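One structure is given here, and the rest of the page talks about it.
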Amino acid sequence: MRIKNVYHLGVKEIRSLGRDPIMMALIVFAFTGAIFSAGKAVPETLQNAPIAIVDEDRSALSARIVGSFYPPHFLPPIIINHAEMDERMDRGLDTFALNVPPEFQRDVLAGRRPTIQLNVDATRMSQAFTGSGYIQSIVSQEVQDFVQRYREYYRPPVDLALRIRFNPNLNKTWFGSVMKIIDQVTMLAIVLTGAALIRERERGLIEHLLVMPVTPLEIMVSKIWSMGVVVLVSCALSLTLVVQGFLKVPIQGSVPLFLCGTGVYLFAATALGIFLGTMARSMPQLGLLVMLILLPLQMLSGGMTPRESMPEWVQFVMLGAPTTHFVILAQGVLYRGAGFNLVWPQFVYLGIIGMAFFSIALVRFRKAISTMV
Amino acid sequence: MNSDPSHTSISALTREPIVRVSGVSLKYREIRALDDVTLDLSSGQIIGLIGPDGVGKSSLMALISGARQIQIGKIEVLGGDIADAGHRRKICSRIAFMPQGLGKNLYSTLSVYENVNFFGQLFGYSRDELNRRISVLLEKTGLEPFANRPAGKLSGGMKQKLGLCCALIHDPDLLILDEPTTGVDPLSRRQFWELIDRIRAERPLMSVLVATAYMEEAERFDWLVAMYDGRILDVGSPSYHMEKTGAPSLEEAFIKLMPEEIRDGHREIKIPRRSSDSAPVIIEAKDLTKHFGDFVAVDRVNFRIERAEIFGFLGSNGCGKTTTMKILTGLLPASEGQAWLFGQQVDAQDLETRRRVGYMSQGFSLYSELSVYQNLALHARLFQVPENEIPGRVSRMIERFGLQRAINSLPDSLPLGVRQRLSLAVALIHEPELLILDEPTSGVDPVARDHFWELLIKLSRVDNVTIFISTHFINEAQRCDRISLMHAGQVLVSDTPAAITEREGVSKLEEAFIGYLERATNSHYSDSDREADKNMMNLTPSLEDEADGRNQKSFWSLRLRRMLSLSRRESLELSRDPVSLTLAIFGSLILMFIMGYGISMDVEDLRFAVLDRDQTITSHNYLLNLVGSRYFIQRPELTDYEELDKRMESGELSVAIEIPPNFGRDLGRGIPVQIGVWVDGAMPQRAETVRSYIQGLHVQWLADRATHEQGSDVMNSSATVETRFRYNPDVKSIVSMVPGVIPILLLLIPAILTALSVVREKELGSIVNLYVTPVSRLEFLLGKQLPYLGLGMANFFMLVALATIVFRVPLKGSFLTLTIGALLYVSCSTAMGLLISTFTKSQVAAVFGTAVLTIMPAAQFSGMIDPVSSLQGGGAFIGKIYPTTYFLVISRGAFSKGLVFGDLYHMLGPLIIAIPVLFGLSVGLLRKQEK
């Protein structure tokens, strides 16, 4: 392998990319608009949850409870009768239906400890769980405030000092924007290298290269380094300008360490791009393949939901995917401020997986290249 | 064909014109394709449009056939205005249009028979009549033995014959052929014209409009329209053109017709004789053979090429020229036989030999994103020209090939002739001793071609460069020192052009070539020719008789049949495209699998560790509370804060708990104590759930303790809230996700595939069949939709099976209602794909555009995550009109809520309304003509 050839071919790739307006637009959008919207669009856990109340008491206390649900957490409650409750829930109109029984206030004051029934549409996972917690505490609070003048306040003997580390206010912008960067690195690394290969192949340029004193290894390495550099640079810019600058997300750890990790990861991801580029016959086919590959990488790698809530065999299989290790590395460094002493195993895994992917892609590329000419 | 030229020209004027073109201009963005063209074409003749590529021939033909929309001017065809849609509908079954490009309007994965059958069905023949017609046509064209071969695997000549079959299936009165013989070998070309002649003899009133770049061919036509740069140079019979310019051949006559400035510097090519001293052999091939599977592309080829020789390879597309050249350059390994370059055996690994060879592949492989200068410099660097020599080398090339004015332009912006010279410059940048040129002159006008040859001759005679060139132009072969005639992988003869002609005893090289070809394919062609002649005598009358048998069926049954034949063709094509088919069948299953496991809102198996500074029964009792919970997993105890920090930073622990010293003692004494808890906030959603778990467990512990130790119930509040999680009592993510994911998947994949199926035709060019056949837009779209509707439903059943069997999500409600909903919903999603296809041009745009346009509203505004009633403004509006909203209610209702038809029927209404709306929009936006 001659370094000069690899260098010149790679420069050519970057120049070609620079003249491809669609790809450039994709890169720019992926690292600005998409990051921004991912940071901003993640809704708070409970937003505008629809709640209906069957008020069979019509007392001061029940009116107080009705009045305690308001935006942004809840939509203003709709007062319905008992018969409507089931139908509305079947049609998915309400996530919560609160049923205040008759004589509720009287029973509370008499210390009979009456029960309010809360119906939750548990098919709406996003609202059901947190929402019911909110409602319970709101109702208890209202009842407690109401009865306070009749009973003395009880102070629990053990206090719980609960602190959230790394993201004290549980700001979802922090999470959403940084995780989106990881998604975009994966997506672009695969799409750019795959497309660079297919573009050359569709125009018969691969055979053109092969009659020159250039080897398949040089062609492949040149694509990997050039597209890797493009993604790495845009990722660095996006992290500093968009995430830290514009969205004002504090990064705990070392950005250079994260970028080193990204570099190692890109080695594996671009090799995967080459591999898919040899599998697809045309750009649209690459598009379809990328969709089928990218989604599992993004959704099952732990970047979207925690790995431990997936079935064990899925967790195990996903250990073979570079994205899993990259997500662990990125979360450690960027969110928790972990140093190299803590994330070095991820570097090792990424290196090993990268070498494996690279070798497989090279074998496949050498084989496929003879059918491309 | 009429042999008397004077007679021809008179009749051309006196006969009733079949086509009248007046004042027609056409522009593609800024480029003027046609410039005020006025022309009358009379019936019953072969009329040729002649001129090089890009002069407007194809545009004019597309306008006349009605495939392209007229911008300025008027064209009357068969007695009516072609701009009038009603007239087009009336006459389209009398016109046949065969677009440019080998097999451009054919379906390459369909067999010969299936192709012809499809076109026949569009014209509404009965099955028997159609089969009879197909067998007559396939016999006539000699395609019968290949009836089951896919169109994509036919040779160029056979593809064109198949195209002709498809065009002739409905007995047209006007046959429009756009460069039907480009890239076809001379014998097939001759057979093609003989076929046309026979058909014309049978149907004397049929007119044929042909575009061609071969002037030899044009000499046989009745009437010629010479075009250049969007304008008509002259019209008249071939002899008229030659007489007027005083040129001995039509080729030269045409060059003389061209404007002065283009012809500037053009002179007749003179080839200096090669010195006859024997020179060293540069290329030698011995029994070179290449198989692709059972297909023999190159069959025992032998030749020797000496230094400074111009050696020509003559043959049709697909005869093995390119493959042989690729073997010699080391791009392909030979299956058998050997080849030597510069006396050394060809070795793909040998980079040294590559440095001595220049190669120009078909279609000028240049980097279109790099400027002329950058292209040259890159190639110089890759050939390891020393860096300090590069600028000088590049500027010498630029000067020599006349590229000065283009130095900073991008290749795509240059005229074809300039691009061709750049391509040659690129191949020569490293000063090779051998040049291998694969059809370097295809599509270039005669003047540029001659200019190119001057450069080649200079290279050979002055610089002693050996040139190995392939071509399908006979007059170029004539200029070579020696040529090989190639056919079906074999070299038929190899000698000087003069010797070959002499040996065959004919006057022209073309005739000699045809002679060799005929002998090579003897048994095959002449038999079928003879047979065909016989058949024609027998079958001609009946072909005419039943010509109108097709119109007897009712209007609606015809439409239905056309639609079904489109669907059948679409299904056949899909079944032969492995990637799309896999996606169509398994794509949604794979995605559901991923989403079922990936989008989990369950939080469990949380790892926690304790820093217990008390170590009493009370502290252990507190912790027991956590260990007993199914949500938590205990990790080894912590010893200090530093360890706590480290283990949380590494992500090992999600929760850390510190119990202060003297916890038990202080608690017993009633001194307020505090337990410290740290929660990993890296994933906010999870952290929030963890926080509520911890708080819940803490309150529970306090309550238990109060009851247990003090017998008091002070911890209990004045009222309790009893929560009933309905439909999904265990609050399992998967039960909630799966019925929500099904509507998304039934939207995404069917919509993408349907959109692709239409856009693919746009990209490949077979969309022209919609423009010029009686297929209406409604039939076309319904025909496209039907197979994907079927696939969508198959997907639906598989998804339901996956959900109930693998994910164990119970289907509590009415399966029938769910199925009815799915049918309506998949109709909507495929119609959405059609709608998107009407405004996307490339397949890539169709894939990504459909994905974005369907997934975004479906996932965000249709109630999958947040209910539509939570939305406001634009989001709420989209949510209310988007079909996914309604099917989502049906899916969740039927799966989780145990609902039946009576509960859900009012959700079907919006879907029923959406189908005709989406479909109507698609029909309205689809063009029946190219714009």
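The values are calculated or read from the model by the stated rules, or taken from the named source; none is laboratory data. Everything numeric in this text was worked out from a predicted model, so none of it was measured. Note: ideal-geometry Cβ built from the backbone for every residue, glycine included; neighbour counts use all protein chains shown.
Residues that are facing chain A (nearest Cβ under 8 Å), touching a Ser or Thr at 6+ places or on another chain (Cβ under 7 Å) and under 26 Å from residue A:286 (Cα atoms) within the range B:844-881 comprise just one, B:846. Residue under question is residue A:245, and the condition is that it be part of a helix (DSSP H, G or I), over 21 Å from residue A:23 (Cβ atoms) and among the small types (Gly, Ala, Ser); does it hold? Spelling it out, residue A:245 is indeed part of a helix (DSSP H, G or I), over 21 Å from residue A:23 (Cβ atoms) and among the small types (Gly, Ala, Ser).
Annotation: residue B:757 fulfils all but one of (1) farther than 28 Å from residue B:96 by Cα; (2) among the hydroxyl-bearing types (Ser, Thr, Tyr); (3) surrounded by 19 or more Cβ atoms within 10 Å (Cβ to Cβ); the unmet one is (1).
Scan B:358, B:337 and give me the residue that is surrounded by 24 or more Cβ atoms within 10 Å (Cβ to Cβ), in a strand (DSSP E or B) and of a type outside the set (D, E, K, R). Among B:358, B:337, only B:358 is surrounded by 24 or more Cβ atoms within 10 Å (Cβ to Cβ), in a strand (DSSP E or B) and of a type outside the set (D, E, K, R). When A:122, A:189 are checked against the criterion of being over 30 Å from residue B:660 (Cα atoms), under 32 Å from the mean Cα position of the chain (by Cα) and at the interface with another protein chain (Cβ under 7 Å from one of its Cβ atoms), a single residue qualifies: A:122. Each residue in the range A:66-88 was checked for being within 10 Å of chain B (Cβ to nearest Cβ) and more than 19 Å from residue B:876 (Cα to Cα), and 2 pass.
From the list B:851, B:859, B:876, B:822, the lone residue that is crowded, with 20+ Cβ neighbours inside 10 Å and either under 21 Å from residue A:124 (Cα atoms) or in contact with a Leu (Cβ under 9 Å, 6 or more places away or on another chain) (or both) is B:822. Residue A:354 falls short on exactly one of the conditions (1) more than 22 Å from residue B:586 (Cβ to Cβ); (2) part of a helix (DSSP H, G or I); (3) within 10 Å of chain B (Cβ to nearest Cβ), and that condition is (3). Here residue A:39 meets the list (1) more than 28 Å from the chain's Cα centre (by Cα); (2) more than 9 Å from chain B (Cβ to nearest Cβ) almost entirely, failing just condition (1).
The C-beta contact set for the range A:127-138 (first residue within 21 Å of residue B:863 (Cα to Cα), second residue of a type in the set (Asp, Glu) and part of a helix (DSSP H, G or I), distance under 8 angstrom, 6+ apart or interchain) comprises A:130/B:688. On the given criteria, is residue B:513 buried (at least 20 other Cβ atoms within 10 Å of the Cβ), touching a residue at least 24 places away in the same chain (Cβ under 8 Å), in contact with a helix residue (DSSP H, G or I) (Cβ under 9 Å, 6 or more places away or on another chain) and part of a helix (DSSP H, G or I)? So residue B:513 fits the description; yes. When we screen B:71, B:100 for residues that are touching a helix residue (DSSP H, G or I) at 6+ places or on another chain (Cβ under 6 Å) and closer than 20 Å to residue B:37 by Cβ, the only hit is B:100. Of the residues making up the range A:239-280, those that are over 30 Å from residue A:359 (Cα atoms) and within 14 Å of another protein chain (Cβ to nearest Cβ) are A:249, A:250, A:251, A:252, A:253, A:254.
Suppose the filter is in a helix (DSSP H, G or I) and at pLDDT 90 or above; does residue B:162 pass it? Before you say what the answer is, go through the steps one by one.
On the way: in a helix (DSSP H, G or I): yes; at pLDDT 90 or above: yes.
So residue B:162 fits the description; yes.
For the range B:76-92, the set of residues classified as within 15 Å of residue B:21 (Cβ to Cβ), at pLDDT 90 or above and of a type outside the set (A, V, I, L, M) consists of B:76, B:81, listed by residue number. Kindly list, by first and then second residue, each pair from a residue in the range B:834-859 that is at negative phi and in a helix (DSSP H, G or I) to a residue that is surrounded by 20 or more Cβ atoms within 10 Å (Cβ to Cβ) and acidic (Asp, Glu), limited to pairs with Cβ atoms under 7 Å and residues at least 6 apart or on different chains. From residues that are at negative phi and in a helix (DSSP H, G or I), there are no pairs. Checked against the criteria, residue A:167 counts as buried (at least 23 other Cβ atoms within 10 Å of the Cβ), at the interface with chain B (Cβ under 9 Å from one of its Cβ atoms), among the polar types (S, T, N, Q) and within 30 Å of residue A:245 (Cβ to Cβ). Residues that are among the small types (Gly, Ala, Ser) and buried (at least 22 other Cβ atoms within 10 Å of the Cβ) within the range B:112-141 comprise B:120, B:124, listed in sequence order. Among the criteria (1) within 19 Å of residue B:175 (Cα to Cα); (2) at pLDDT 85 or above, the one residue B:236 does not fulfil is (1). Look at (1) of a type in the set (Gly, Ala, Ser); (2) out of contact with any Asp or Glu (no Cβ under 8 Å at 6 or more places or on another chain); (3) crowded, with 19+ Cβ neighbours inside 10 Å; (4) closer than 27 Å to residue B:726 by Cα and you find that residue B:898 fails only one, number (3). The selection criterion, being within 9 Å of chain A (Cβ to nearest Cβ), crowded, with 17+ Cβ neighbours inside 10 Å and more than 23 Å from residue B:439 (Cα to Cα), holds for residue B:381. Sub-6 Å Cβ pairs linking a first residue in the range A:1-29 that is over 20 Å from residue B:375 (Cα atoms) to a second residue that is of a type in the set (Asp, Glu), at least 6 apart or interchain, are A:1/A:218, ordered by first then second residue.
Restricted to the range B:584-617, and to residues there that are at the interface with chain A (Cβ under 10 Å from one of its Cβ atoms) and within 30 Å of residue B:640 (Cα to Cα), the residue that is nearest to the chain's Cα centre (by Cα) is B:603. Restricting the first member to the range B:780-805 and to residues that are β-branched (Val, Ile, Thr), and the second to residues that are surrounded by fewer than 18 Cβ atoms within 10 Å (Cβ to Cβ), the beta-carbon pairs closer than 8 Å and six or more apart or on different chains are B:800/B:811; B:800/B:815; B:804/B:810; B:804/B:811.
Right, residue B:320: in contact with a Gly (Cβ under 6 Å, 6 or more places away or on another chain), on the phi > 0 side of the Ramachandran plot and away from chain A (no Cβ under 14 Å) or not? Considered against the rule, which asks whether it is in contact with a Gly (Cβ under 6 Å, 6 or more places away or on another chain), on the phi > 0 side of the Ramachandran plot and away from chain A (no Cβ under 14 Å), residue B:320 comes out as yes.
Any chance the range A:255-266 includes a residue that's closer than 21 Å to residue A:6 by Cα, in a helix (DSSP H, G or I) and in contact with a Pro (Cβ under 7 Å, 6 or more places away or on another chain)? Yes, because at least one residue in the range A:255-266 is closer than 21 Å to residue A:6 by Cα, in a helix (DSSP H, G or I) and in contact with a Pro (Cβ under 7 Å, 6 or more places away or on another chain).
Considering only helices (runs of 4 or more DSSP H) fully contained in the range B:565-657, which possess at least 2 residues that are touching a Pro at 6+ places or on another chain (Cβ under 9 Å) and without any contact (Cβ under 8 Å) to a residue 12 or more places away in the chain? Once the helices (runs of 4 or more DSSP H) in the range B:565-657 are filtered for at least 2 residues that are touching a Pro at 6+ places or on another chain (Cβ under 9 Å) and without any contact (Cβ under 8 Å) to a residue 12 or more places away in the chain, what remains is B:588-598. Per the listing B:747, B:756, B:702, the residue uniquely within 7 Å of chain A (Cβ to nearest Cβ), touching a Pro at 6+ places or on another chain (Cβ under 9 Å), in a helix (DSSP H, G or I) and under 26 Å from residue B:853 (Cα atoms) is B:756.
Among the criteria (1) under 20 Å from residue B:572 (Cβ atoms); (2) surrounded by fewer than 22 Cβ atoms within 10 Å (Cβ to Cβ), the one residue B:80 does not fulfil is (1).
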